[in-house]
Each structure stands twice: as C-alpha cells, then as structure tokens.
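K.L.:
Just passing along the structure, written as structure tokens.
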Amino acid sequence: MEDFIKALRASEVRVSPAEAIDAHRAMMEIGYADRTLVKDALCIALAKTEEEVERFDACFDAYFTRDAFTGAPPSSAPQPGEGRGGDVGDLPLAQMLLSGDQISLAQAMQAAAIRARSTDVRLNTQRNLMSRRILDEMGLRELEELIQRLREMGLPRDAALADRLAERREALFEESTRFVDRQMVLYASETGRRLREGLLAQQKLTSVEPEEMRQMEALVKRMAKRLATRYARKRHRAHKGKLDVRKTIRKSMGYGGVPFDIVWKTETIEKPKIVAICDVSRSVAAAAQFMLLFLFCLNEVIEKLEAFAFSDRLIRVGAILEEEELDAAIASIIKKIGFRPTDYGRALSDFSELHRDSLDRHTTVIVLGDGRSNYANPRLDIMREIAHRSRAVIWLNPEPETYWGQGDSRMDQYKRFCHVATVCNTLNQLERIIENVLRTYMPR
C-alpha cells in the first residue's frame, strides 16, 4: 500500500496522510480478494477529481499487473547434480534457474527490488544501475562466481551446467530490465515530464519550435490552473486588529455586555478586471499567444477580461476567444491581424476610441509588446491617460532591457507611464508576473 500510494503521488494524484490512513482502513475492511472492489474502494478514498480518477486507473492497472516471469524457462530432464544442491551447492538463485521455478524467481526479484529501493528510481540514467542492484540482491555475483568455477573444472558435465546457467542468467537480465522499466513507468515518468517542463518554462517564448508548441500549451494550462486554485479559495479574509464594534456589542448582549465573542472586520477580495493589449506582429506573436492562453485559462479568478490584439491596427478579440476553441481562436487572431509592421501610436488611438471610457481604478492593463513602432508617433499622451485612469499598467517586453530605446524602440518613453515595465520572455516570468497581479487584489 505504501509503494502504491508513492506511485500515485508520482503520477500527480495528491494523497494526504489522512487519505492514506482511510485507504489502509478500507483494505482492512474488505481485504484483497476482489480486485474490482479493491480498485473502487481505493479510488473513492484517494482520487478527488476526474483527472485524478483517470491517473488512478492507469496507475492501479500498472501497479497491480504482473506479467509471466520469463527469466527461467522450464528445464528438460535435469542432468545429474542439477537443482539438487550437488554441483550448484546451496545457491538459491542457481537452483531456481535450473528448476525453472518462475513463481519463486518472481518473488525473489520483488523482494530484491524492495531491498534495492527500486521505488526511488527517478531518471533514465538510473535504469541500468537499478537493474544491476536488483540482480546483486538476488545473488548474481555468487552465480557468476559459480559459473566461473564450473568452467575452470574442465569436465564436460560441469561445462554444460555452466552454459545452462549462463543461458538462464541472460534471460534473467532481460527480466530484470523489464521489471525496472515498469518501476520507471510507476515512479519516474512524471519526474521526467517535470524536468522537460522545467526546461520548457525557461525557454524563450520567441524561439519555441513547432514540435514544442503542444507541450508549451499544456504547460501554460497547468500553470494557470495552479494559480486559479490558489487565488479562488476564499473571497473574504478577517483583519485582526480591526474590531467590528457594532457586531461585537450585539453579540455581547447575551453575556450581560461582556465581549466574549470578538468580531473582526472582514474585507471582500476583489476579482481582478484585466485588459490585455497584445502585439501580434512577427517579432512577438508567439509570446502574445501564450499570454492570451494563460489569461483565458484564469477565468475562475478574473471578474472581467478584455483582450485586444494589434500590429498596424488594433481590434477587439474577446468575442473570437469566447466563440472558438482557444487554440483555434488564437491562430485565427494571428492570421487576421498578426505578422504586420507595428504602429503603436495608431494601436493606442484605436484602443482609446474602443475602451477608454471603460477603464477605472479596478482595472489592470497588461501590454505585451517590444515597443518598436517603426518610427511612427508613439502617442504618449494616450499612454499617460491610460495610466491615469487605470489601477495599474504593466508592460511585458520580450526584448532584453539593454535594447529598450535603441533604434525604433520607444520603451524608454512608454515605461514612464507604467507601474511595472519588465522583461518577460519565458513562461516562468509570465507566471510570476500574473501571480503578482492577482496578489495585488488580495487584502493586505
């Protein structure tokens, strides 16, 4: 049970100590005789969401399935001394191999795996090492010494016995490799995925290869879900030190005016109102795609999200994102307005006409772009007005800060009207910035 729960946790099924105790108690009540009943009982005790139920089913089937042990084919008529402790001495592994005792070999390998701590395997580079450790725990070293001694004796019968043991040893190697592969699936597959995702999260958004797009999109959705879970729990929070005098006096009337029950003032946590303005020109289109995907996956914790996209002109894209599947909608937006020369001045003018009157002190404006306007009028006056009307203006620029203000870049001018202007060219940076936005709506 402990190893199975460890495998579940490796498969991203969250199991608390209390849930593990419940699972043990369930097994004490029903036993292990009925596989279907065991699976259902453990699923009820340990899996909490539809996704976790799917992972639980896959993990249960992998963990409680045992393929036939093929490391010791049944022997034909044994030669004198084979399997009776004569030529092979008292070496259990050699006796099991010669007799073809598959059940005993499978049990011995399972016990050896426990001693070798095979459940701690995490990386592919540990595969061969773990396989060798399991075989050594079974007695491989002693078996190899026995094969060497038999060959050194020079007798035909001893040489034939050594060859037979060597043949069974090779089959045992293959069986050990299959066993470790199964342990890798149970305990290391998610570790490998997390390592790959960690590298992707640090990769520049403007240099993502086409074959990596699906993995990046899945990673963005997981990051957004994690933030949504964290910031959608409670919408009120008590502030110790701020006494609600009226409610406290009212509650104290039942105690003769003595304030036994202190009531603290509570403050409602606002849901963020976010306006996203994304440059979808060729230089930053990929970064804009991931930011829009991230924000629209946070619908649980965002009260209202307005999205705009621009290159040479600006359009409202919220309706497209709501009517179509998210991936198809983003591709449609980029096809409709993206990959054109940028004109930030005209885009800001379009935004002012479309949405200026809707900005208020509860709205956070997030701009994603490199600030390169092809030497057109940057319309700093509109940028100043947006900053004055909104709660905060956050500018995310995929370019290094040393490039700001060089050539046709107007970032050095735009950043004067931003509460935050920062480099953002990886998913890790994007997640951290959006989390900071959500945190500003929490009461201090």
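K.L.:
Here are the criteria: (1) closer than 30 Å to Leu8 by Cβ; (2) at pLDDT 80 or above; (3) open to solvent by 60 Å² or more (accessible area, probe 1.4 Å). Tell me which single one Val180 does not satisfy.
P.N.:
(3)
K.L.:
Right, here's the next one. Is the stretch 279-289 home to any residue that is at pLDDT 85 or above and out of contact with any Cys (no Cβ under 7 Å at 6 or more places or on another chain)?
P.N.:
yes
K.L.:
Could you tell me whether Ser311 is surrounded by 15 or more Cβ atoms within 10 Å (Cβ to Cβ) and more than 23 Å from Cys297 (Cα to Cα)?
P.N.:
Here the answer is yes, as Ser311 does meet what is asked.
K.L.:
How many of the residues in the stretch 409-434 are of a type in the set (Asp, Glu) and exposed (fewer than 15 other Cβ atoms within 10 Å of the Cβ)? Before you say what the answer is, go through the steps one by one.
P.N.:
Start the filter on the stretch 409-434 by keeping residues that are of a type in the set (Asp, Glu), which leaves 412, 431.
From what's left, exposed (fewer than 15 other Cβ atoms within 10 Å of the Cβ): 412.
Summing the residues that are of a type in the set (Asp, Glu) and exposed (fewer than 15 other Cβ atoms within 10 Å of the Cβ) in the stretch 409-434 gives 1.
K.L.:
Something else about it: Evaluate the stretch 11-34: report whether one residue or more is within 16 Å of Ala58 (Cα to Cα) and either assigned by TED's automatic domain parsing to the domain that holds Met184 or in a helix (DSSP H, G or I) (or both).
P.N.:
no
K.L.:
Pairs, please: C-beta under 6 Å, at least 6 apart or cross-chain, first residue closer than 20 Å to Val437 by Cβ and in the stretch 406-422, second open to solvent by 40 Å² or more (accessible area, probe 1.4 Å) and at pLDDT 90 or above?
P.N.:
Sorted first by the residue in the stretch 406-422, then by its partner, the pairs are Phe417/Arg384; Ala421/Lys415.
K.L.:
Out of curiosity, is Thr402 assigned by TED's automatic domain parsing to the domain that holds Phe339 and open to solvent by less than 30 Å² (accessible area, probe 1.4 Å)?
P.N.:
The answer is no for Thr402.
K.L.:
Within the stretch 10-42, track down each residue that is surrounded by 15 or more Cβ atoms within 10 Å (Cβ to Cβ) and among the charged types (D, E, K, R).
P.N.:
Glu19, Asp22, Lys39
K.L.:
Assess whether Met253 counts as being out of contact with any Ser or Thr (no Cβ under 9 Å at 6 or more places or on another chain), buried (at least 19 other Cβ atoms within 10 Å of the Cβ) and not in a loop (DSSP other than H, G, I, E, B).
P.N.:
When the stated conditions are applied, Met253 does not pass them.
K.L.:
Ok, one more. Show the residue pairs that are 6+ apart or on different chains and have beta-carbon atoms under 6 Å apart, the first residue being within the stretch 166-183 and of a type in the set (Gly, Ala, Ser), the second being in a helix (DSSP H, G or I).
P.N.:
Partner pairs satisfying both residue conditions: Ala166/Ile147; Ser176/Ser131; Ser176/Ile134; Ser176/Leu135.
K.L.:
A follow-up question, please. Taking the stretch 322-365, which residues are of a type in the set (Phe, Trp, Tyr) and either open to solvent by 30 Å² or more (accessible area, probe 1.4 Å) or closer than 13 Å to Gln289 by Cα (or both)?
P.N.:
Scanning the stretch 322-365 gives a single hit, Phe339.
K.L.:
On to the next question. Looking at the stretch 310-417, what helices (runs of 4 or more DSSP H) fall wholly within it and have at least 2 residues that are more than 30 Å from Met213 (Cβ to Cβ)?
P.N.:
Of the helices (runs of 4 or more DSSP H) lying wholly inside the stretch 310-417, those with at least 2 residues that are more than 30 Å from Met213 (Cβ to Cβ) span 344-355, 380-389, 411-414.
K.L.:
Identify all residues within the stretch 121-147 that are aliphatic (A, V, I, L, M) and either open to solvent by less than 80 Å² (accessible area, probe 1.4 Å) or under 13 Å from Leu172 (Cβ atoms) (or both); write none if there are none.
P.N.:
Val121, Leu123, Met130, Ile134, Leu135, Met138, Leu140, Leu143, Leu146, Ile147
K.L.:
Tell me yes or no: at least one residue of the stretch 224-242 is at pLDDT below 75, in a helix (DSSP H, G or I), over 19 Å from Pro398 (Cα atoms) and open to solvent by 60 Å² or more (accessible area, probe 1.4 Å).
P.N.:
Taking every residue of the stretch 224-242 in turn, at least one turns out to be at pLDDT below 75, in a helix (DSSP H, G or I), over 19 Å from Pro398 (Cα atoms) and open to solvent by 60 Å² or more (accessible area, probe 1.4 Å).
K.L.:
Please give the number of the condition Asn397 fails out of (1) at positive phi; (2) surrounded by 20 or more Cβ atoms within 10 Å (Cβ to Cβ).
P.N.:
For Asn397, the failing item is (1).
K.L.:
Has the stretch 373-387 got any residue that is among the aromatic types (Phe, Trp, Tyr) and open to solvent by 30 Å² or more (accessible area, probe 1.4 Å)?
P.N.:
If we filter the stretch 373-387 for residues that are among the aromatic types (Phe, Trp, Tyr), which is where we start, we get 375.
From the residues that got through so far, the ones that are open to solvent by 30 Å² or more (accessible area, probe 1.4 Å) too are 375.
For the stretch 373-387, residues among the aromatic types (Phe, Trp, Tyr) and open to solvent by 30 Å² or more (accessible area, probe 1.4 Å): present.
K.L.:
Still on this structure, please answer the following. Filter the stretch 185-223 down to residues that are among the β-branched types (Val, Ile, Thr) and open to solvent by 10 Å² or more (accessible area, probe 1.4 Å) and give me whichever is modelled with the highest pLDDT. So that I can check it myself, show each step before the final result.
P.N.:
So the first thing to find is which residues in the stretch 185-223 are among the β-branched types (Val, Ile, Thr), and the list is 185, 191, 206, 208, 220.
Restricting the remaining residues to those that are open to solvent by 10 Å² or more (accessible area, probe 1.4 Å) gives 185, 191, 206, 208.
Values: Val185: 73, Thr191: 62, Thr206: 69, Val208: 70.
So, considering only residues that are among the β-branched types (Val, Ile, Thr) and open to solvent by 10 Å² or more (accessible area, probe 1.4 Å), the one modelled with the highest pLDDT is Val185.
K.L.:
Could you list all residues from the stretch 280-306 that are open to solvent by less than 10 Å² (accessible area, probe 1.4 Å), more than 15 Å from Ile366 (Cβ to Cβ) and part of a helix (DSSP H, G or I)?
P.N.:
Ala285
K.L.:
Can Leu155 be described as assigned by TED's automatic domain parsing to the domain that holds Tyr187 and buried (at least 19 other Cβ atoms within 10 Å of the Cβ)?
P.N.:
Details: assigned by TED's automatic domain parsing to the domain that holds Tyr187: yes; buried (at least 19 other Cβ atoms within 10 Å of the Cβ): no.
Judged against the criteria, Leu155 is not a match.
The values are calculated or read from the model by the stated rules, or taken from the named source; none is laboratory data. These numbers come from a predicted model, not from an experiment. Note that we place each Cβ from the backbone using ideal geometry, even for glycine, and neighbour counts take in every protein chain shown. The area values use the complete protein model at the heavy-atom level, side chains included, leaving out ligands, DNA and RNA. Shrake-Rupley method; radii C 1.70, N 1.55, O 1.52, S 1.80 Å.
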